[in-house]
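Taken together, the values in this text are just the output of simple stated rules run on the coordinates, not laboratory data. Since we're looking at a predicted model, the values are computed, not measured. When we count neighbours, we look across all protein chains shown, and the Cβ atoms used for this are built from the backbone with ideal geometry, even at glycine.
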Amino acid sequence: MSTFGRRCACACIVAAFAAAPAPTAHAFAEDVCYSQEGVPAHNCGPLPPPCPTDIPTAPACGLQAFLAYGYTLRQPLGGRSLVHADTTYLLARTAGFPERDAYWIAAYDEATDLGTFTPRDVDGRPVPGADTLTTRDIGGLVRTHFATGGFLFHFPPTLGPSTPQEGLRPDVTDPRHEVMLAHLRRWAMAGPGGDAPLCTGGFTTASAAGDLGTGPACYADPSPVPIDGEYSVVAPVAVPFTNATGEQVVSGDVRSDRFDSWIGDQAANARIGIYLHALADRISHHACVDAGTTVPPTPEQPAFRVELNTPSCDQGPHALRHEYETGEDFDSLTPGDRTTEAALAMVYDELLAFARARGVLDAHAGSPEARTAVLDRGLVPALEIRDPLARMAAVSEVGCRAGAAPLPGAPVCAE
């Protein structure tokens with residue numbers, strides 16, 4: 001493309017971004033969308049056939065992807081991510097979680113993007129009994145909610161530089177670097193009534209080991225400090241955001257010290273789902289997060305500073321990379337863009353760890369044979385299918401072969 005064409009594409013993205021109510025901040029974005037009840041689901045943002053799978057910086061393709069996801073956000077029935085919802089459910093069942101627990105883990109994983117999750121069938125209709133399967137509102141964690149700190153669940157802050165290898169498999173037990181992920185994992189493992197806080201950005205007072213992610217209280221609580229940042233439109237054009245340290249906003253005026261009472265009897269599963277969402281998003285967004293920086297407060301600058309204003313965070317490549325995550329041949333992608341396979345593997349590892357901690361681990365689930373069956377020969381090839389209805393059916397069939405009923409609303413098992 002000519003220099004003029006590149007400038008035009010960038011200008012169009014900036015103009016479209018300026019017209020939008022909030023920046024697009026998808027990760028494993030909804031790939032299955034519903035236009036209206038009674039109409040079969042369709043692909044939310046399929047990769048246009050002329051667009052390559054090895055050049056995520058192609059300006060025209062990035063613009064198309066950006067506009068497609070902007071359109072998706074405005075659909076009244078929305079959609080769902082087969083990665084966040086259906087595959088999380090099936091991986092939880094494979095790990096040993098009972099069906100009910102696996103459902104709520106997956107439901108709150110998806111709700112972290114949407115605020116609430118109600119299961120729908122392949123034609124966009126709420127499933128029978130949908131009111132009993134709908135999550136509580138967790139809108140404070142939503143991807144486009146900058147003022148609540150929700151954005152940071154989808155671009156988890158890290159301290160210090162990352163390499164692409166680290167970004168594809170982050171060390172979730174290292175709060176000195178993966179501050180947000182280590183913080184959320186500790187909170188999820190603690191379970192209801194545990195003494196681990198849930199803090200905006202994952203920032204706590206210093207722990208005994210000296211990190212700022214696993215301390216006993218939220219940073220500077222009860223006197224918060226700002227969390228200031230910038231998120232790229234087309235670098236160096238960026239959207240500034242600001243919020244403050246302290247207890248995380250969950251919904252409205254509900255903060256995280258009331259999380260368990262707000263969610264109710266599914267609080268333990270909701271914690272796991274929220275953590276798994278942030279983990280998958282860290283991997284999905286690694287090109288941006290790895291290139292970004294987070295700087296703790298200093299006497300001269302009494303605020304956390306989150307800088308995501310780099311070309312790796314531009315909205316064109318960002319949207320295009322999400323189109324690579326389902327409906328495409330993953331072997332055709334560059335190694336750094338094979339985020340679906342990386343995320344599924346880590347989510348499965350973490351579900352095994354949580355199943356073990358809860359005492360429900362399937363003894364065979366961690367074997368190489370089980371991993372190959374559910375991942376390499378199961379979910380990975382299923383998610384590569386371009387047709388959305390066939391992709392949904394293939395994901396369900398992976399569970400059917402293992403004796404797990406599909407997620408409510410997903411295609412039923414074949415006879």
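Before rounding to the nearest 500, sum -39500 (n - 2.57) across all DSSP H runs of length at least 4 in the chain and divide by the residue total; then give [θ] at 222 nm in deg cm²/dmol. Intermediate results must be reported in sequence, preceding the final value.
On the way: 14 runs with 153 residues, N = 415.
Mean residue ellipticity, 222 nm, calculated: -11000 deg cm²/dmol.
Given R0 = 41 Å, the distance between the Cβ atoms of V360 and H42 translates into a calculated FRET efficiency of 0.65. Each Lys and Arg contributes +1 and each Asp and Glu -1, all at the Cβ; summed about the Cα centre of the chain, the dipole is approximately 280 debye.
Kindly put Y69, Y89, Y348 in sequence by how many other C-beta atoms sit within 10 Å of each C-beta, fewest to most. Provide the component values of the computation, followed by the final result.
Details: Y69 21, Y89 29, Y348 24.
Fewest-to-most ranking of Y69, Y89, Y348: Y69, Y348, Y89.
Backbone amide hydrogens, once placed in the peptide plane, bring A244 within less than 5 Å of I227, excluding anything fewer than 5 places away on its chain. Under 20 Å from the 7 Å Cα→Cβ point of L77, by amide nitrogen: which residues of the stretch 117-156? Within reach of a label on L77: 117-135. For the stretch 200-213, backbone phi angles converted through the Karplus equation (6.51, -1.76, 1.60; θ = phi - 60°) give residue-by-residue couplings of 4, x, x, 8, 10, 5, 4, 7, 4, 8, x, 7, 10, x Hz, Gly and Pro being listed as x.
Residues within the reach of a label modelled at D329 (point 7 angstrom out along Cα to beta-carbon, backbone nitrogen below 19 Å), restricted to the stretch 26-56, are 46-56.
Once a ≥ b ≥ c are taken as the square roots of the eigenvalues of the Cα gyration tensor of the stretch 3-401, is the result rounded (a/c under 1.5), prolate (a/b larger than b/c) or oblate (a/b not larger than b/c)?
Working: a/c = 1.44, a/b = 1.04, b/c = 1.38.
Because its axes are fairly even, with a/c under 1.5, the stretch 3-401 counts as rounded.
Counted residue by residue at 0.36 nm each, then reduced by the alpha carbon distance between them, the extension gain from T132 to V295 reaches 54.4 nm. Stretching the chain fully between R125 and D265 yields a gain of 47.8 nm (0.36 nm per residue, less the alpha carbon separation).
Take every Cα pair under 8 Å whose residues are at least 6 apart in sequence, average their separation, divide by the length of the chain, and the relative contact order is 21 percent.
Arrange the following residues from fewest to most other Cβ atoms within 10 Å of their Cβ: D195, D137.
Details: D195 9, D137 18.
The most exposed by this proxy come first: D195, D137.
Across the stretch 399-406, coupling constants 3J(HN,Hα) worked out from phi with the 6.51/-1.76/1.60 Karplus curve, θ = phi - 60°, read x, 4, 5, 9, x, 9, 4, x Hz, and Gly and Pro carry x. Our coupling estimate for the stretch 106-119, obtained by passing each phi through the Karplus curve with A = 6.51, B = -1.76, C = 1.60 and θ = phi - 60°, is 5, 4, 6, 4, 5, 5, 5, 7, 9, x, 9, 10, 10, x Hz, Gly and Pro reported as x.
Suppose the chain between T116 and A208 were pulled fully straight at 0.36 nm per residue; how much longer would it get relative to their current alpha carbon spacing? Walk me through the numbers before you get to the answer.
Details: separation 92, 0.36 × 92 = 33.12 nm, distance 3.64 nm.
Going from the current span to full extension adds 29.5 nm.
Go ahead and run the numbers for FRET between R258 and L389, Cβ-Cβ distance against an R0 of 45 Å, rounding to 0.05. It comes out at approximately 0.65.
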